[in-house]
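To start, the structure itself, in structure tokens.
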Amino acid sequence: MGFLKMTEKKYTKNEGAPVVNDQASITTGKKEGYTLIQDSHLIDKLAHFDRERIPERVVHAKGAGAFGYFEVTNDLSKYTRAKFLSEIGKKTDVLVRFSTVGGERGSADSARDPRGFALKFYTEEGNYDLVGNDIPIFFIRDAIKFPDFIHTQKRHPTTNLKDADMFWDFMSLNPESIHQATFLFTDRGTPQDFRHMDGFSSHTFMWYNENEEYVWVKYHFKSVLGNATFTDEEATKMAGENPDHATEDLYDAIEDGNYPEWDVYVQIMTNEEAKEYKFDPFDVTKVWYHGDYPLIPLGKLVLNKNPVNYFNEIEQAAFAPSAFVPGVGPSPDKLLQGRLFSYRDTQRHRLGANYHQIPVNKAKNTEVNTYQRDGPMNVEDSGENPYPNYYPNTMDGPEPDASFKPPTIEIQAIIDSHTRPTEDIDFVQTGEFYRRVLDDTNKDHLISNLVGHMMNAKENIQYRQCALFYKAEPDYGTRVAEGLGLDISKVKSLSEMSQDDRVKATLN
Ligand code: NDP
């Protein structure tokens, strides 16, 4: 009955004038329903309703988010001039959005999928977005493959169904995906909720100081509650019982004062080390081994405030990996380079060219002075101190500040579409993960999760993919192949072929 409570608050039209009647349209009679166009309240109400939905995100459509703070616990300011990292105890407001990747806005939170882990730091030098996942690596390492990859995770264009053939055809034709495909089919692919999972920048980023010295960094967010996962069976059950369970869990925990917390670390590599490291440090399909680059404490992340209006603050939240502040910059990671363009572009499509003026996206701890003007939904101007819309000018307009110049990077380049065929090194970390990190139960679940999914793909695709598992670790490939009822000697001989020959041998 809450909505019928009598109140002093007046219901108004969008322009502020009072609404006279909200229960009956203006018609020609008690029974005759010829409705008058002069009922502007009715027309406005229907027209607004017709426009309530904006395009859903093409990836990461289903999500939940909250506000909180990041606090520095270790002084690493010799590596970065970023002011929000300048001293121990410094706190910065943050927004975090968690999400699944492939499903639509109404899909189940428990789906087997990576989880997005996107942060917006409202720093005094502008907003800094760190748009990562709960898995430290990615399926592909070149942005040109991204739309194809995502198509295979979504619905088949003809049947409009998720399709195991598309999924494994793509994975088996892009063997660099094996590391993340393996992570995804462990129980870490179905985290219990958003509070019990880690976050990673996945990409390598640059940190630079005021002397223009730079290092390469990877960020790690370790959940203080630890990692908790569903088995495949539990995840499937939860999808039916409560498809929004992780959204609900996050909201309820924060309402109850159980604020989720992550310890934040970085791995740091010098440029000299990067040239020599045994893995390409900019290849997002690889991690930097902890033994080589230990986790260095940086801070903590705490979420302590729920959104008041989900649509305004979470659905309209716009993250972009290209939103850097001085002291942080991109690396030559080829997937990151594509994301630097694509995220801002998709926000322009989804929310409009002035999406940064929506309060949740607005820099709230620094002034914004830009020459970009007008466009749809522009609600800002240069205020009390108007300045023109061109630069340079002699009208007291804002000036660039060269003192924030990032380091100069010297390279010798050959411009080409540098094709990077799969090499043996692309299988090393998957083998290490299987042998060294997964215990027997984790291995059993990985195998049964894979078999349960791959059994829906065509046999030739199963052979091609099992050969890749075998190449990473014979026991791994053998067990998946056994589960699918494949001929192990054929899997072994396919694993010994070049990728081109393997593809030719498994066309049908
Ligand atoms: P370590 O052997 O030092 O540590 C293993 C890592 O694996 C820990 O970060 C652990 O995270 C994580 N882990 C444990 N169980 C699982 C699981 N079931 N699913 C996913 N991750 C799990 O790591 P190394 O650096 O020596 O790398 C060895 C292999 O571990 C790598 O090839 C990679 O596949 C994997 N890995 C490495 C990470 C890195 O950044 N170096 C991060 C995650 C995995 P937790 O503490 O949360 O259990």
Original post:
Counting only residues that are more than 30 Å from Glu52 (Cα to Cα) and in contact (Cβ under 8 Å) with a residue 40 or more places away in the chain, which one in the range 294-322 is nearest to the ligand (Cβ to nearest atom)?
Top reply: Leu295
**OP:** Please report, ordered by residue number, the helices (runs of 4 or more DSSP H) entirely within the range 103-186 with at least 3 residues that are away from the ligand (no atom under 16 Å from the Cβ) and on the phi > 0 side of the Ramachandran plot.
**Re:** none
**OP:** Would you check if there is a residue in the range 73-94 being touching a Leu at 6+ places or on another chain (Cβ under 8 Å) and among the aromatic types (Phe, Trp, Tyr)?
**Re:** no
Subject >> Subset of the range 342-367 [in contact (Cβ under 8 Å) with a residue 60 or more places away in the chain and open to solvent by 80 Å² or more (accessible area, probe 1.4 Å)] >> reply: His349, Lys364
Original post:
Glu380: in a loop (DSSP other than H, G, I, E, B), touching a helix residue (DSSP H, G or I) at 6+ places or on another chain (Cβ under 8 Å) and charged (D, E, K, R), yes or no?
Top reply: yes
**OP:** Just one of (1) open to solvent by less than 10 Å² (accessible area, probe 1.4 Å); (2) closer than 25 Å to Val360 by Cα trips up Thr182, so point out which.
**Re:** (2)
Original post:
Hey, any hits in the range 192-212 for a residue that's among the aliphatic types (A, V, I, L, M), surrounded by fewer than 24 Cβ atoms within 10 Å (Cβ to Cβ), touching a Gly at 6+ places or on another chain (Cβ under 9 Å) and not assigned by TED's automatic domain parsing to the domain that holds Asp444?
Top reply: yes
Subject >> Condition check for Phe98: at pLDDT below 95, farther than 30 Å from Tyr214 by Cβ and not β-branched (Val, Ile, Thr) >> reply: no
Original post:
In the range 51-73, what residues are more than 24 Å from Leu301 (Cα to Cα) and either assigned to a strand (DSSP E or B) or aliphatic (A, V, I, L, M) (or both)?
Top reply: Ile54, Val58, Val59
**OP:** Could you list, in sequence order, all residues of the range 390-432 that are exposed (fewer than 12 other Cβ atoms within 10 Å of the Cβ) and not in a loop (DSSP other than H, G, I, E, B)?
**Re:** Ala402, Ser403, Asp424
Original post:
Looking at the range 26-39, is at least one residue open to solvent by less than 30 Å² (accessible area, probe 1.4 Å), under 30 Å from Gly352 (Cα atoms) and either in contact with a Leu (Cβ under 6 Å, 6 or more places away or on another chain) or in the same structural domain as Gly352 (by TED's automatic domain parsing) (or both)?
Top reply: no
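Here's the yes/no breakdown for (1) part of a helix (DSSP H, G or I); (2) open to solvent by 20 Å² or more (accessible area, probe 1.4 Å); (3) more than 16 Å from Gly189 (Cβ to Cβ); (4) within 12 Å of the ligand (Cβ to nearest atom):
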position: Tyr434; (1), (2), (3), (4): yes, no, no, yes
position: Lys443; (1), (2), (3), (4): yes, yes, no, yes
position: Ile447; (1), (2), (3), (4): yes, no, no, no
position: Leu450; (1), (2), (3), (4): yes, no, no, no
position: Ala457; (1), (2), (3), (4): no, no, yes, no
position: Cys466; (1), (2), (3), (4): yes, no, yes, no
position: Tyr470; (1), (2), (3), (4): yes, yes, yes, no
Original post:
buried (at least 21 other Cβ atoms within 10 Å of the Cβ) and farther than 25 Å from Ile137 by Cβ, is that true of Glu315?
Top reply: yes
Original post:
For the subset of the range 327-341 comprising residues that are among the small types (Gly, Ala, Ser) and assigned to a loop (DSSP other than H, G, I, E, B), which member is surrounded by the fewest Cβ atoms within 10 Å (Cβ to Cβ)?
Top reply: Ser331
Original post:
Cβ-Cβ below 9 Å, separation at least six or inter-chain, first residue in the range 247-262 and in the same structural domain as Tyr310 (by TED's automatic domain parsing), second in a helix (DSSP H, G or I) and open to solvent by 40 Å² or more (accessible area, probe 1.4 Å): which pairs?
Top reply: Asn258/Asp252
**OP:** Working only within the range 91-111, note down all residues that are under 19 Å from Thr366 (Cβ atoms) and surrounded by fewer than 19 Cβ atoms within 10 Å (Cβ to Cβ).
**Re:** Lys91, Asp93
**OP:** Check whether at least one residue in the range 36-54 is small (Gly, Ala, Ser) and over 30 Å from Arg350 (Cα atoms), and report yes or no.
**Re:** no
**OP:** Answer yes or no: is there a residue in the range 224-238 that is within 16 Å of the ligand (Cβ to nearest atom), assigned to a loop (DSSP other than H, G, I, E, B) and acidic (Asp, Glu).
**Re:** no
Subject >> Residues of the range 61-80 satisfying the condition of being over 17 Å from Pro307 (Cα atoms) and open to solvent by less than 30 Å² (accessible area, probe 1.4 Å) >> reply: Ala61, Phe70, Val72, Leu76, Thr80
Original post:
Going by the conditions given, is Phe404 of a type in the set (Phe, Trp, Tyr) and closer than 22 Å to Ser331 by Cβ?
Top reply: yes
Original post:
Which numbered condition trips up Lys13, out of (1) assigned by TED's automatic domain parsing to the domain that holds Ala118; (2) open to solvent by 50 Å² or more (accessible area, probe 1.4 Å); (3) of a type in the set (Lys, Arg)?
Top reply: (1)
**OP:** Quick one: in the range 248-287, of everything that is open to solvent by 10 Å² or more (accessible area, probe 1.4 Å) and among the hydroxyl-bearing types (Ser, Thr, Tyr), which residue is nearest to the ligand (Cβ to nearest atom)?
**Re:** Tyr265
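The values are calculated or read from the model by the stated rules, or taken from the named source; none is laboratory data. Since the model is a prediction, treat every value here as computed from it, not as a measurement. FYI the Cβ positions are ideal-geometry reconstructions off the backbone, even for glycines, and counts take in every protein chain you see. Heads up: the accessible areas ignore ligands, DNA and RNA and are worked out on the full protein's heavy atoms, side chains in. Shrake-Rupley method; radii C 1.70, N 1.55, O 1.52, S 1.80 Å.
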